[in-house]
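The values are calculated or read from the model by the stated rules, or taken from the named source; none is laboratory data. Fair warning: this is a prediction, and the values are worked out from it, not measured in the lab. Heads up, the Cβs are rebuilt from the backbone with ideal geometry, glycines too, and the neighbour counts pull from every protein chain shown.
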Amino acid sequence: MGDLIHYERNLPHRLPPGSDIFLTFRLADSLPGNIILRLQLQFSSGEETEDNYAKQRRYFGKFDNLLDGATHGPIWLQEPRIADLVGASLRHFHGKAYQLICYCIMPNHVHLVVSFPDEAPPLAKTIQRIKGYTALQANQLLNRRGQFWQRETYDHIIRSSEEMQRVIAYTINNPVKAGLVDNWEQWPYTYWAETQ
């Protein structure tokens with residue numbers, strides 16, 4: 001993964017210190033491989049230009065809508081003990097590796113918004129630690145073996161205060177958009193620092 005500030009797997013990852021970053025990670029096998037491949041072929045992009053940025057947003061929107069529908073794969077994060085485990089792990093790194101702005105734990109994926117300080121350890125390493133720890137603990141709680149999280153994490157640098165407000169609103173309202181609750185405050189696995 002090189003310096004873990006900029007690396008590439010299926011998606012390009014840019015995680016520079018001093019940035020505000022929106023991340024999404026999902027359970028393994030939560031979407032069929034052929035669907036992911038089709039989305040990647042439709043919306044893959046090279047350099048980040050305004051046009052590619054719009055493509056990336058469309059890609060993510062379709063990807064997230066499929067996750068919200070939860071018609072394929074596991075939904076272990078809807079179990080309170082698993083969601084609580086993940087939430088506690090996300091909060092654990094607040095003030096240590098990032099400043100936690102908000103998160104939402106959905107049945108099969110997690111949205112996370114953080115401010116990544118200049119002096120922080122590489123964010124990719126922190127996410128790797130969160131996913132590794134929660135995978136081990138969740139598998140024990142579920143009495144299962146095997147891959148828990150999908151290896152790839154979607155990340156996006158937030159470029160302005162207006163975009164930050166949109167991303168926060170998107171994150172905390174995800175359960176409303178998915179039809180799980182009528183108001184974001186009803187969802188027990190949403191955290192927003194401003195309301196704490």
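The table below gives the values:
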| quantity | calculated |
| --- | --- |
| Condition met for Gly95 (over 13 Å from the mean Cα position of the chain (by Cα) and small (Gly, Ala, Ser)) | yes |
| Hey, Val114 modelled with pLDDT of 95 or more, within 17 Å of Ala135 (Cα to Cα) and buried (at least 20 other Cβ atoms within 10 Å of the Cβ) or not | no |
| Options Ala83, Ala124, Ala120, Ala88; residue that is assigned to a helix (DSSP H, G or I) and modelled with pLDDT under 95 | Ala124 |
| The range 123-142 - residue that is of a type in the set (S, T, N, Q) and touching a residue at least 24 places away in the same chain (Cβ under 8 Å) and, of those, surrounded by the fewest Cβ atoms within 10 Å (Cβ to Cβ) | Gln137 |
| Extreme residue, nearest to the chain's Cα centre (by Cα), among residues of the range 141-169 that are part of a helix (DSSP H, G or I) and of a type in the set (Asp, Glu) | Glu163 |
| Test for Ile157: is it buried (at least 17 other Cβ atoms within 10 Å of the Cβ) and touching a residue at least 60 places away in the same chain (Cβ under 8 Å) | no |
| Among the candidates Tyr53, Tyr59, residue that is under 17 Å from the mean Cα position of the chain (by Cα), part of a helix (DSSP H, G or I), at pLDDT below 85 and hydroxyl-bearing (Ser, Thr, Tyr) | Tyr59 |
| Residues that are within 19 Å of Ile172 (Cβ to Cβ) and either without any contact (Cβ under 8 Å) to a residue 24 or more places away in the chain or not in a strand (DSSP E or B) (or both), drawn from the range 100-117 | Met106, Pro107, Asn108 |
| Residue within the range 133-140 that is of a type in the set (Phe, Trp, Tyr), outside any loop (DSSP other than H, G, I, E, B) and closer than 22 Å to Gly69 by Cα present | no |
